[in-house]
1. Looking only at the range 59-101, count every residue that is of a type in the set (S, T, N, Q) and assigned to a loop (DSSP other than H, G, I, E, B) and tell me the total.
2. What's the total number of residues in the range 12-58 that are part of a helix (DSSP H, G or I) and closer than 26 Å to residue 143 by Cβ?
3. Take the residues in the range 1-28 that are charged (D, E, K, R) and under 14 Å from the mean Cα position of the chain (by Cα); name whichever of them is least open to solvent (accessible area, probe 1.4 Å).
4. Within the range 87-134, can you find the residues that are out of contact with any Ser or Thr (no Cβ under 9 Å at 6 or more places or on another chain) and within 15 Å of residue 11 (Cβ to Cβ)?
5. Only one of these is more than 23 Å from residue 2 (Cβ to Cβ), at pLDDT 95 or above and under 15 Å from the mean Cα position of the chain (by Cα): 126, 118. Name it.
6. I'm trying to understand the selection: among the residues of the range 38-57, which are open to solvent by 40 Å² or more (accessible area, probe 1.4 Å) and over 15 Å from residue 16 (Cβ atoms)?
7. Since residue 105 meets every condition but one in (1) within 19 Å of the chain's Cα centre (by Cα); (2) surrounded by 20 or more Cβ atoms within 10 Å (Cβ to Cβ), which condition does it not meet?
8. Are there any pairs with C-beta distances below 9 angstrom linking a residue in the range 91-118 that is at positive phi to a residue that is open to solvent by 20 Å² or more (accessible area, probe 1.4 Å) and assigned to a loop (DSSP other than H, G, I, E, B), with the two at least 6 apart or on different chains, and if so which?
Amino acid sequence: MLIPHDTRIALDTVVDLMNTAPEGDRGDELGDLAALHVFVRAHNISDVGELDDRDVAAVQAVRSRFAAVFSAPDARVGAALINQLVAAAGTTPQLTDHDGYDWHVHYFAPGASVADHLAADCGMALAFIVVAGEQERLRRCEAPDCGRAFVDLSRNRSRRYCDSRTCGNRLHVAAYRARRKEAAG
């Protein structure tokens with residue numbers, strides 16, 4: 001699946017955003033203004049003005065709406081959720097080249113809040129996946145104690161874990177040890 005660089009960056013951003021949500025014993029990684037500043041800087045989110053506590057709440061709400069897209073039972077439901085997200089953000093497509101990137105499209109309106117920026121650009125990246133008929137690539141980690149979001153960009157759509165070096169390896173080692181124990185038993 002060929003994905004333009006700006007769409008790939010937006011997909012990575014939406015996954016990282018979703019994975020800041022509280023889960024199990026892990027707290028909300030976007031629980032305050034300082035954490036939002038770190039997220040914005042880490043993801044090079046451009047054209048963001050002064051942030052305040054309202055932005056934290058708005059980004060948390062957008063994060064929940066993205067989680068609903070990943071949980072959508074089919075493309076029709078996913079498309080409706082994405083349409084709502086993108087429309088609410090006041091999407092205004094613009095061609096731009098900045099920060100060393102060649103021409104690409106920004107979907108957020110000039111002066112948009114960080115939540116609208118994320119809803120527009122990340123929502124359009126998810127729309128690209130749905131239009132390509134690839135919604136099943138929007139997944140949650142199958143490790144029983146994880147559940148983190150990821151986009152399966154493997155050629156054969158076979159990725160099961162958010163990170164093969166952590167969740168995948170841990171489960172493979174546990175299965176190997178269980179087989180060895182059963183064989184020895």
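The values are calculated or read from the model by the stated rules, or taken from the named source; none is laboratory data. Bear in mind that the values here come from a model prediction, so they are computed numbers and not experimental data. Please note: Cβ atoms are built from the backbone with ideal geometry, for glycine as well, and neighbour counts cover all protein chains shown. Protein only, heavy atoms only, side chains kept; ligands, DNA and RNA dropped before computing areas. Shrake-Rupley method; radii C 1.70, N 1.55, O 1.52, S 1.80 Å.
1. Residues of the range 59-101 that are of a type in the set (S, T, N, Q), as a first pass: 60, 64, 71, 83-84, 91-92, 94, 96.
Imposing the further condition that a residue be assigned to a loop (DSSP other than H, G, I, E, B) reduces the set to 91-92.
So the answer is 2.
2. Looking only at that region, the number is 11.
3. From the range 1-28, those charged (D, E, K, R) are 6, 8, 12, 16, 23, 25-26, 28; that's our starting set.
From what is left, the residues that are under 14 Å from the mean Cα position of the chain (by Cα) are 6, 8, 12, 16.
Details: 6: 37, 8: 107, 12: 68, 16: 66 Å².
Selected residue: 6.
4. The answer is 126, 127, 130, 131, 132, 134.
5. One residue alone meets the criteria, 118.
6. Of everything in the range 38-57, those that are open to solvent by 40 Å² or more (accessible area, probe 1.4 Å) and over 15 Å from residue 16 (Cβ atoms) turn out to be 47, 48, 49, 50, 52, 53, 54, 57.
7. The failed condition is (2).
8. Once the first residue is at positive phi and sits in the range 91-118, its partners that are open to solvent by 20 Å² or more (accessible area, probe 1.4 Å) and assigned to a loop (DSSP other than H, G, I, E, B) give 99/44; 99/46; 111/47; 111/49.
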